[in-house]
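Report on one structure; see the data block that follows.
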Amino acid sequence: MTERRTTRRYDLSLPIIVRMAAEKVSAQQTCKTRDISTRGLYFVMDQDLEAGSVLELTLTLPPEVTRGTEVFVHASGRVVRVEPRIEDGNARKGIAAVIERYDIIRGEGARA
């Protein structure tokens, strides 16, 4: 299989809030990334999504990564792959998503 990624992936476990953009009710789930790049990310969650689903994401970059204060990344993305995973004996879903747009917000009050 040929590698199709054009940007480097980093093995980072970062807190992420995932919202399904199509949901009328603001359903969200907090999880952690497994890896991330400037164009995409991979995370594991309990909810089953379909390829093509639109997501709203909020990532928290800790001071250890930013060399300063916490930085929040608000992003819009789309699911490109879903795969079954077993973690700690529990069935979960691995989600690969492409990042289509993002804004970087520094400082307090950026979690909203």
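The values are calculated or read from the model by the stated rules, or taken from the named source; none is laboratory data. All of these numbers come straight from a predicted model, not from anything done at the bench. Note that each Cβ is placed from the backbone with ideal geometry, even for glycine, and that neighbours are counted across all protein chains shown. Heavy atoms of the whole protein, side chains included, go into the accessibility calculation; ligands, DNA and RNA do not. Shrake-Rupley method; radii C 1.70, N 1.55, O 1.52, S 1.80 Å.
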Quiz item: Hey, does the range 50-57 have a residue that's open to solvent by 40 Å² or more (accessible area, probe 1.4 Å), touching a Pro at 6+ places or on another chain (Cβ under 8 Å), modelled with pLDDT of 90 or more and among the acidic types (Asp, Glu)?
Solution: no
Exercise. Evaluate the following for Ser37: is it surrounded by 13 or more Cβ atoms within 10 Å (Cβ to Cβ), within 22 Å of Ala91 (Cα to Cα) and among the small types (Gly, Ala, Ser)?
Key: no
Quiz item: Can you name every residue in the range 82-106 that is touching a Lys or Arg at 6+ places or on another chain (Cβ under 8 Å) and at pLDDT below 90?
Solution: Ile86
Quiz item: Applying the selection to the range 1-38, what residues are among the charged types (D, E, K, R), assigned to a loop (DSSP other than H, G, I, E, B), within 19 Å of Glu83 (Cα to Cα) and at pLDDT 75 or above?
Solution: Arg9, Asp11
Quiz item: Among the residues of the range 65-81, which ones are charged (D, E, K, R) and either touching a strand residue (DSSP E or B) at 6+ places or on another chain (Cβ under 7 Å) or at pLDDT 95 or above (or both)?
Solution: Glu70, Arg78, Arg81
